[in-house]
1. Which of the strands (runs of 3 or more DSSP E) contained wholly in the stretch 1-97 include at least 2 residues that are modelled with pLDDT of 80 or more?
2. Suppose we filter the stretch 149-175 for residues that are within 21 Å of Gly92 (Cβ to Cβ) and modelled with pLDDT under 85; how many remain?
3. Pairs needed: first member in the stretch 102-117, farther than 22 Å from Asp178 by Cβ and in contact (Cβ under 8 Å) with a residue 24 or more places away in the chain; second member anywhere, part of a loop (DSSP other than H, G, I, E, B) and of a type in the set (Val, Ile, Thr); C-beta distance under 7 Å; at least 6 residues apart or different chains.
Amino acid sequence: MSLLRPDGPAIRLVREARGFHEGHDWIVEVRYRHEGAADGPEASLRIVHQTGAPRPPAPPRPAVQQTTTLRSGPPFLHWRGAVVPLSPWTAGPEGRVVAEVPRCPPVDLWATPLVPGTALPIAALENVVRRCATQGDGLSVTADPLILGRIAPHSAERGPTRVEGDPSLGVWRITDADSGDPVATVSGLPGPLATPTE
């Protein structure tokens, strides 16, 4: 109760909250303290959301045998860039490839009155997939089928992005083009090692 004792005309409290999973439960811990006081009285609250049942198991991954496709003809996939902007790739340091990708506004992806926001950088991901499915000079080597191993979102896309990828390792870093802040990382998707023909 000492936390609610006024020191002046008003009480200013700072709230800190953190949420996490503990087994199958979702836990939220909230702490209150006086503004500007690192030490002193504080109040805390712990909220436990129990589902009452165990979580369903993760859906099984499709048992697709991934092979390597060698081809010297045109790629099977073709993009026109009518909705999602396509960007040219340039050679970067240490064998990496780099592209500056404009943002694809969610309103361009949906034909509904209420447009949902996007949690992933759609244009950057589309350009990574396109780069990995593009034929290189001479004999092209790609994984068949294309499987995205993992997409790890880091922050919201705020504008144009910069994609830097290592086709041999299959790791693609997507960062904010202006600030350099990480937006997402894609792994498990190798691309053609030669210069793309498109």
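The values are calculated or read from the model by the stated rules, or taken from the named source; none is laboratory data. No experiment lies behind these values; they were computed from the predicted model shown. Here the Cβ positions follow ideal geometry from the backbone for every residue, glycine too, while neighbour counts run over all protein chains shown.
1. 13-22, 25-34, 42-49
2. Here the count works out to 4.
3. Leu109/Val83
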